[in-house]
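Derivation of every value follows stated rules applied to the coordinates shown; laboratory data play no part. Computed from a predicted structure; not experimentally measured. Reconstructed Cβ throughout: ideal geometry from the backbone, glycine too, with neighbour counts over all protein chains shown.
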Amino acid sequence: MLRQLMISEGKLVAAEAGNGTVHVYVNPDEAEKKQLVDGAKLDEHTLHSALDPDELSRLEFEPEHVALIFKRPRNYCSADGYLFKASSAGMFLFKDRLIVVVSEDVPLFEGRQFARVRDLQDVLLKVIYRRIFHFEEHLKVINSISEELEGQISTAMSNKHLLDLFTLEKSLVYYLNAINTNGKMIEKLRTNAARVGFSPENIEFLDDVMIENNQCYEQAEIYSHVLAGMMDARGTIVSNNLNVLMKNLNLIMIMLMMPTLVVSIFSMNVAFPLQHHPLAFWLILGMGLVTATIVAFIWRYKRL
């Protein structure tokens, strides 16, 4: 699917076919891929890299354009079960147009950053900046889910919530790798700023993008270290909760066994004291309750 936009009065607006300077291809079909390779002279391997979720970020210079592959957070789906994944996208900067290739329909030009755009280079940088902000939003969600699971683990006796935390930790590893490769690509952009055609304003904004990406990486690294460092402690909590449950069940069994023992002794088919006493039933029942009370008192006093 192809969408065309153009810069008008400092904003990106929809354009008619053939008039757009920003071409967005969403999950292009074979015909569109052929058009990009044959018509726009895109490298076929680089085009497929833009649609490969496992591809690393990179910057390449072609005779007629600059090819840029970057990582972005994938739209979260409840079926993923707390697994946040990263995907790839591609931007191809020509002198007169910018081609953007993504594997799924995601909002690329939303946010206050796009309230004012100057040129195609500015659009390219702001798309990258918006993906960094998208990563930061996902990191906040991951941290919020982690804190919620921690509260549930404190009373849990199964491994379900612990496995959910392992999944979040796995997500942070993916995000760390994605943000790190984006950082290397941004550094290469900064080194080749003149070759890409960045203006002084673009370079100033690129420095801000680099700082924001470094902060995003540090934030993800902190979350990852905290989550990894506490996994053993949380696993111990689950095991301890199970031990406490088993201890309480054993106590209940002992409390039930003591009255049963008393009643069983007086139920034997032999001569016993009180067997002819008119209150024998109530006396034996009382003895059973007293033994159960003594066991409960000892457990409470010693905090077994």
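What nm value, rounded to one decimal, do you get for the distance between Glu148 and Val106 when each label is placed 7 Å out toward the C-beta? Simple spin-label model gives 2.2 nm for this pair. For the chain, the mean residue ellipticity at 222 nm estimated from helices alone is -20500 deg cm²/dmol, where every DSSP H run of n ≥ 4 contributes -39500 (n - 2.57) and the total is divided by all residues, rounded to the nearest 500. If R0 is 22 Å, the Cβ-Cβ spacing of Glu201 and Leu2 corresponds to a FRET efficiency of close to 0.15.
A simple rule links phi to the HN-Hα coupling: the Karplus curve 6.51 cos²θ - 1.76 cosθ + 1.60 with θ = phi - 60°, which for region 93-104 gives 9, 9, 5, 10, 7, 10, 9, 10, 10, 10, 8, 9 Hz, with x for Gly and Pro. Measuring against 32 Å, Cα to Cα, the residue pairs Lys34/Lys170; Lys41/Lys126; Lys33/Lys188; Lys160/Lys247; Lys140/Lys247 contain Lys34/Lys170; Lys140/Lys247 as the ones spanning a longer distance. With a cut-off of 10 Å between beta carbons, the residues surrounding Leu68 carry a summed charge of +1, where Lys and Arg count +1 and Asp and Glu -1. In order along region 190-205, the phi-based Karplus estimate (6.51 cos²θ - 1.76 cosθ + 1.60, θ = phi - 60°) of 3J(HN,Hα) comes to 5, 5, 9, 4, 5, 5, 6, x, 6, 7, x, 5, 5, 5, 4, 5 Hz; Gly and Pro are listed as x. Between His45 and Asp119, the FRET efficiency from the beta-carbon distance, with R0 = 35 Å, is close to 0.80. Listed values for region 244-252 are Karplus-derived 3J(HN,Hα) couplings in whole Hz (6.51 cos²θ - 1.76 cosθ + 1.60, θ = phi - 60°), namely 4, 4, 5, 5, 5, 5, 5, 4, 4, and x replaces Gly and Pro.
Kindly state, to the nearest 0.05, the FRET efficiency for Leu285 paired with Ile252, given R0 = 30 Å and r defined as their beta-carbon distance.
The formula returns an efficiency of 0.95 here.
Modelled this way, with points 7 Å down the Cα-to-C-beta line, the labels at Ala194 and Glu16 are 4.2 nm from one another.
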